[in-house]
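One structure below.
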Amino acid sequence: MSESTREERHNQRMKRTKEIVDKRIAASQEERGVFILLTGNGKGKSSSAFGMVARALGHGQKVAVVQFVKGRMETGEQNFFDQQENVDFHVMGDGFTWETQSREKDIASAQEAWATAKKILQDERYQLVIFDEMTYMFKYDYLDLDDVLEAIAHRPKMQNLVLTGRGAKPELKALADTVSVIMDEKHAFKAGVKAQKGIEW
Ligand code: ATP
Ligand code: MG
């Protein structure tokens, strides 16, 4: 095939692709907030959520974060985003089950965090809401899934919500507008590399 034929075919293909994309853009005109679910066993769920926090702040939006698992005393995301005027950052008290060793205490912490989260879902000033590691609340039955699904479904029309955590329940997937399942193909941790500040927390 000559260079000019190749060039011509490439241009035709790109033109067809552009037509398809333009049609899709024209068809997607609904304006409303979306519910994004980031799940799966691979790395990148929480960091993607915080990437969207940075984007929203760059547009002057107001953001709320609720972290449902407190794994460490201090995280980079909390240190950084908590300082931002437009971010309200909440971390659930007590933390992991294997740290507190008390189901009763965990349930109390979960319900307290959910009370805060529920208010956020009724407050249209928040344009972006992050519920980080919330999936575990349903895995351990710390929170009632139907209650949470209902509050999510009735949140303000323009409010975007990002929920993260492994093993998301099918009901959450069904309600979400966007679902990304991040696959674990390889992780440095499994090769014995120690978790690092700035990368893992
Ligand atoms: P990140 O916060 O880095 O985006 P994540 O939210 O996708 O990660 P979680 O399931 O919340 O991942 O796990 C939190 C911690 O576990 C992070 O320190 C992350 O690097 C680590 N991690 C994530 N995926 C894996 C994996 N497949 N194997 C081992 N450790 C992992
Ligand atoms: Mg995470």
TODO: Residue by residue through the stretch 48-82, note down the ones that are assigned to a strand (DSSP E or B) and on the phi > 0 side of the Ramachandran plot.
DONE: none
Open item on the list: I'd like to check something: does the stretch 172-181 contain any residue that is among the charged types (D, E, K, R), touching a strand residue (DSSP E or B) at 6+ places or on another chain (Cβ under 6 Å) and in contact (Cβ under 8 Å) with a residue 40 or more places away in the chain?
Closed with: yes
Task: LYS118, sole failed condition from (1) among the charged types (D, E, K, R); (2) away from ligand 1 (no atom under 16 Å from the Cβ); (3) open to solvent by 80 Å² or more (accessible area, probe 1.4 Å); (4) touching a helix residue (DSSP H, G or I) at 6+ places or on another chain (Cβ under 8 Å) - done: (3)
Task: Breaking point among (1) open to solvent by 60 Å² or more (accessible area, probe 1.4 Å); (2) among the hydroxyl-bearing types (Ser, Thr, Tyr); (3) free of Cβ contacts under 8 Å to residues at least 40 places away in the same chain, for TYR140 - done: (3)
Task: the stretch 166-201, residues that are exposed (fewer than 13 other Cβ atoms within 10 Å of the Cβ), assigned to a loop (DSSP other than H, G, I, E, B), more than 16 Å from ligand 2 (Cβ to nearest atom) and under 15 Å from the mean Cα position of the chain (by Cα) - done: ASP177
- [ ] Scan the stretch 30-54 and report the pairs whose first residue is touching a residue at least 12 places away in the same chain (Cβ under 8 Å) and whose second residue is away from ligand 1 (no atom under 12 Å from the Cβ) and among the acidic types (Asp, Glu), with Cβ atoms within less than 8 Å and a gap of 6+ or a chain change.
- [x] VAL34/ASP177; PHE35/ASP177; ILE36/ASP177
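The values are calculated or read from the model by the stated rules, or taken from the named source; none is laboratory data. Just so it is clear, the model here is predicted, and its values are computed rather than measured. Ideal geometry is used to build each Cβ from the backbone, glycine not excepted, and the neighbour counts take in all protein chains shown. Ligands, DNA and RNA are stripped out before the accessible areas are found, and what is left, the full protein with its side chains, is counted by its heavy atoms. Shrake-Rupley method; radii C 1.70, N 1.55, O 1.52, S 1.80 Å.
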